[in-house]
Amino acid sequence: MKKLMLAILIFSLVLSFANPSFAAKKEYEVKTLDQFLEIVKSKQDSKQFKEKKDKLKGKNAITDEEKTLLKSTDPTVIEQYNALMEEELRNFTISGESSEAEYKLEKSGITIAVETETVTTDEQPLSATNTLLMDKELKSLAPITTATYRANGSYSYSIKYKIRAIGWPDAVAGLVTNYSVRSDGLRVNWASTSGTSGFFPTSITGSSSVTDSRAERIGYDINAQGNYTVTIGGYNGIGIITFDMTLISRILWTGTNTVSQSYSESGDRSQ
């Protein structure tokens, strides 16, 4: 009888090594998407968590709390969460003009934060080069929410669009539009994706273009556009997602030496 029991035990061990599914599966604390989302949303609502996340940079751009959550979550749940994020980010679209705005995606709990700033170079005209901005003292201007006075000169309107998801480093899409105010209208000098950043395993690449360079009649506008590809690397290779998005700046000539600035964003819904 003892020999029979020993033989059964040895046979069971051999099976467990030969077929991992025969062995006991790892038990995870977070087993469903609903559980995971409940934790995600509680952290996104926590001021303390936000402050902690803001201080992190580079390879350490996720908190210990996030690492613990990911390790204790069933990989299939992380896959489901990534699919949900991708769907919402692809279909998200906004437009606005305030200097600071925050949006929360309802299903995934992702936070989108938008910040804008306008700087001038002492009302001296700029050439169409980025380096000239570094050579002159920049002065911050009050945020534009309606038509605002602008003396003749050159200005840079910058937009930073930050994507914050629990478990992954923040990704930031930046768009800078440098333009001149003149007696005969508005001119775009150049555009760039300055301010764009992502920390491993999240990456973001972008390119900019000027889509409308002149506004020579009141009521017309000038525009620049940034096109970005965002890749959010999954935890331990699980659930990598990629999506495209577009940022557009709009500077409207509202009257002699007055302008209104705004932005819009849209995801790529073609996929």
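For this structure, a couple of remarks:
- Some residue of the stretch 13-28 being part of a helix (DSSP H, G or I), at pLDDT 90 or above and either among the polar types (S, T, N, Q) or under 18 Å from Ile240 (Cα atoms) (or both): no
- Selection count where residues are within 30 Å of Ala151 (Cα to Cα), open to solvent by less than 60 Å² (accessible area, probe 1.4 Å) and in contact (Cβ under 8 Å) with a residue 40 or more places away in the chain, scope the stretch 72-112: 4
- Filter pass, Leu56 being outside any strand (DSSP E or B), open to solvent by less than 80 Å² (accessible area, probe 1.4 Å), touching a Lys or Arg at 6+ places or on another chain (Cβ under 7 Å) and of a type in the set (A, V, I, L, M, F, W, C): no
- Filter result for Thr131 (out of contact with any Phe, Trp or Tyr (no Cβ under 6 Å at 6 or more places or on another chain), open to solvent by 50 Å² or more (accessible area, probe 1.4 Å) and either modelled with pLDDT under 90 or under 21 Å from Asp244 (Cα atoms) (or both)): yes
The values are calculated or read from the model by the stated rules, or taken from the named source; none is laboratory data. Only a predicted model underlies this, so the values are computations on that prediction, with no experimental measurement involved. Cβ coordinates were reconstructed from backbone atoms using ideal geometry, including for glycine residues, and neighbour counts include every protein chain displayed. Note: accessible area is taken over every heavy atom of the protein model, side chains too, but ligands, DNA and RNA are not part of it. Shrake-Rupley method; radii C 1.70, N 1.55, O 1.52, S 1.80 Å.
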